[in-house]
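Heads up, the thing below is written out as structure tokens.
Derivation of every value follows stated rules applied to the coordinates shown; laboratory data play no part. Note that the coordinates shown come from a computational prediction; the quantities given were computed from them, not determined experimentally. Heads up, the Cβs are rebuilt from the backbone with ideal geometry, glycines too, and the neighbour counts pull from every protein chain shown.
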Ligand code: IPT
């Protein structure tokens, strides 16, 4: 139906009438056609008013004088125009669960505020006969947030809702030869807002492409490609106009629409082997180009299969985000996402929580990634009212829900990458979800359906959950009782449903940790026929907003309500720099796994390569080993792993004896590094790109090697004591090394709280609250005794906080020694002992000292080069690493503990005038070196709040806390948690 001014009475009512749209044609696929199209992107005229009622009178009239309008790019989101500066069109607002507008009572008609920012757009364009002679002309909007009322040449063609869904208006009657004036009034709020409560920046505008499409008589309006593959045979039927010619030149296929053909030699499409065949469908007057991928998705028992094989989703949740343009993305950015994902072993995407830009799915087909395509639906804010009046259970809304899922499925139904349809997110469950699901199953039975909130498993095809605890995942796997679950939920165990985590491992700030633990329980393809299908990390990108000096988050734009930095919870930083979390993802979730057993290497064994892919062999990779002695490559070679088939394991080794004969002995800084490198260029990376890496120390556990004592013992003088090159004050504090004054080392139990330590509205527990209450950030250190015991100066200190009773004693035994490079040094044996209850989880047990700020270059042997933590160290490699102090810091959008490197054997921090060397013995500590204190790091709200304070603060950890995922997930598993316990740290300090 085509609406016109007469047919669209009371368009203001349309904002809240629970009718999804008026005017657009039935949803259909986006097809690549040779029929004329006109991209209307560009500079439009724009004026923002406070309410739809304030739109300038007759602004849609072609004659209207828009000189006091301004230029605005379309597509764009108007609040992203200089948001941290002048913000001419208002500023973005970040909210998670809360609605940005008042929520209607369940017995009330829907109301949205009069204060409803409304963008009045005008755009003038010219068309030629290719459009005016067409049978029909359509005007396509791919994304308008959230309500659009549309006029062409002064005549209203209708209105639409559904921010991330396509609407096509038939404008044949309104289009004129030559010059045309399109006008659109976009309001930020409408009833659709209650269906669009996704956890993200609330912003508006015509933020995706607008296109004019000429439709020829006898053209191809819609196609539905059914391309399956089983047992080596592909089958194709394309629903379309009767008689339209279907051609796939590469396969010698010539057929017509609505005819089934079998094709014996076609290769199947999988995310690992994204084989696409170019095809055309043609009538006399239109040719449509398709890229067909043959694959069959099935549920066999409780296993999801593609082409007969179980698949595991090494997935991420992806929102569309760019720190400068918001949810308007160009193709280069979409490609950048896919390239980064493929390079880091991501094999699956959930399009949280709306369909992405249509172009993105073409790219997913091409790059190869499994897509769980989610409808534009979330009603989370109703949770606060116990879901009273929630749209998925209120029949007034069902047409809107059906409209949304129909537009979702119809637009994207031809993509081989899409293996499942998701009804939406966090919208509770009701008849509305069932209606959506029924419609999908009827329209497209070839994919599975998903909705996490279907807790009774009465509707969808799969069992999906969010942020489960590790024991819970184990119970699903082992079919034992679900810990803490309601009786009803226990029945899930017995149902024959495939399982995955639609969200897990909350990548907020520093983290997520425990990826390896999830991987082991839920991603193992060797449980060949079990129900565990992996999951999707929350989430891909930090939605920080570029302010020119750093990234903004919720609350930075004076929002009345906001959810702070909960919007920065991605594996890549806002500018798409991979975070350490992404590197850990690649190392744990990546389907190519290498294990190096240092002890076995000497025997010519010890290297294992596991192909955890579901389809492809490893012939695309070259496996290279290197023997590296303290940073110097001594020898390298290639491992003959060959075309190892999916799910198979290769074991072998290297001829170390040959390699090592050139050196005298196996040193404890000798490492074997094995890398899997791309043997050929792909579309997502070049030859040589490292897909997987592992390293092993040849002597994994060398004996402690304290340096030999020097002849002199502690010497007392008027100021305190001298021990070797070190000077201690009367309170036994190390205050000088050689001639360099330092800030004395003290016990350190604190880390600048990471997001996973902080209480948030969604955190299930708080680690940081008790830590701050216990005063870990404000310990008071008191010297109990200073004694000379043999060659040692033994200092006992007591550390505790104001008002606290729990305390730690630290026994610092200092001794003058000779280091291996012939210098005089001082050895510390530190023993820490807790007293009292200490119910609190600690950030660390270590020491922190202040060195001169000019000492700002660091070289260490240990795990690196990137930061690593006890539950996030698979991405780290043993070796010799060099970096300046600035480069050791990870600039999380909200500053927090970062930059730890563990397994330190030796560490030198130096500047132009000397420096400090630390040689560990016994256990290998972790270290962090910062140009500011942990307290300053904790106090900073943004990266721009941090200023170097003139010191290099060196922290050495005997024990470090894990990262976990507690910002929106369970507590770290018990064995990872750092509670108070006795700890030892043993190392020699010398000057360089
Ligand atoms: C979950 C949401 O689905 C997701 O959109 C995001 O908000 C995430 O939390 C937290 O970042 S919902 C929550 C109840 C776990």
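Binned at 5 Å from 0, what are the whole-percent values of the Cα-Cα distance distribution for region 393-442, short to long? With 5 Å bins starting at 0, P(r) equals 4, 20, 32, 24, 12, 6, 2.
Expressed in Å, the radius of gyration and Dmax of the Cα atoms of region 54-114 are 16.6, 45.
Model label points for residue 402 and residue 67, set 7 angstrom from Cα along the Cα-to-Cβ axis, are 5.2 nm apart.
Helix 431-443 and the longest principal axis of the C-alpha atoms of the chain enclose an angle of approximately 70°.
Computed on the Cα atoms alone, the convex hull of region 864-992 gives a volume of 130 cubic angstrom per residue. Comparing Cα centroids, region 278-304 and region 816-837 end up 68 angstrom apart. Each peptide among 79-85, 478-484, 580-586 gets the average number of other Cβ atoms lying within 10 Å of its residues, and from highest to lowest they stand as 580-586, 79-85, 478-484.
For the peptides 924-934, 370-380, 127-137, residues were scored by their other Cβ atoms within 10 Å and the scores averaged per peptide; the highest-first order is 370-380, 924-934, 127-137.
The radius of gyration of the Cα set in region 592-697, together with its Dmax, comes out at 14.1, 45 angstrom. Where only DSSP H runs of four or more residues are counted, the chain gives -3000 deg cm²/dmol as its mean residue ellipticity at 222 nm, each run worth -39500 (n - 2.57).
Shape verdict for region 928-992, please, from the Cα gyration tensor: rounded (a/c under 1.5), prolate (a/b greater than b/c) or oblate. Oblate.
Which of the peptides 864-871, 422-429, 594-601 is most tightly packed, and how do the rest follow, judged by the mean count of other Cβ atoms within 10 Å per residue?
Details: 864-871: 23.1, 422-429: 25.0, 594-601: 19.2.
Ranking, from highest mean packing down: 422-429, 864-871, 594-601.
May I ask for the angle, rounded to the nearest 10°, between helix 358-367 and the longest principal axis of the chain, with both axes built from Cα atoms and the value confined to 0 to 90°? Long axis of 358-367 versus the principal axis of the chain: about 60 degrees.
FRET efficiency for residue 788 and residue 632, Cβ-Cβ distance as r, R0 = 35 Å, nearest 0.05? Display every interim value, and only then the final one.
Details: r = 42 Å, r/R0 = 1.21.
E(calc), rounded to 0.05, equals 0.25.
If region 717-991 were replaced by its equivalent ellipsoid, with semi-axes equal to the square roots of 5 times the Cα gyration tensor eigenvalues, what would those be, largest first, whole Å?
Details: eigenvalues 170, 99, 57 Å².
Computed over region 717-991, the values are 29, 22, 17 Å.
By how many degrees, 0 to 90 and rounded to 10, does the Cα axis of helix 331-343 deviate from the longest principal axis of the chain? With rounding to tens, the tilt is 50 degrees.
Report, for region 299-588, the % of DSSP beta bridges that are antiparallel, rounded to 5.
Values: 8 of 35 bridges.
Given both bridge residues lie in region 299-588, the antiparallel proportion sits at roughly 25 percent.
Shape of region 224-285 from the C-alpha gyration tensor: prolate (a/c of 1.5 or more and a/b above b/c, with a ≥ b ≥ c the square roots of its eigenvalues). Take the convex hull of the alpha carbons in region 11-215; its mean projected area over all directions comes to 11.8 nm².
Our summary of shape: the Cα atoms of region 745-902 have principal axis extents of 55, 41, 28 Å, ordered from largest down, in whole angstrom.
Taken along its principal axes, the alpha carbon cloud of region 493-605 reaches lengths of 61, 47, 16 Å, longest axis first.
The ellipsoid that matches the Cα gyration tensor of the chain has semi-axes, each √(5λ) in whole angstrom, of 57, 34, 25, with the longest given first. Note on residue 32 and residue 441: the extension gain reaches 144.6 nm, defined as 0.36 nm multiplied by sequence separation minus the Cα-Cα distance. In terms of its C-alpha gyration tensor, region 299-588 has a rounded overall shape, because the principal axis ratio a/c (a ≥ b ≥ c, square roots of the eigenvalues) stays below 1.5.
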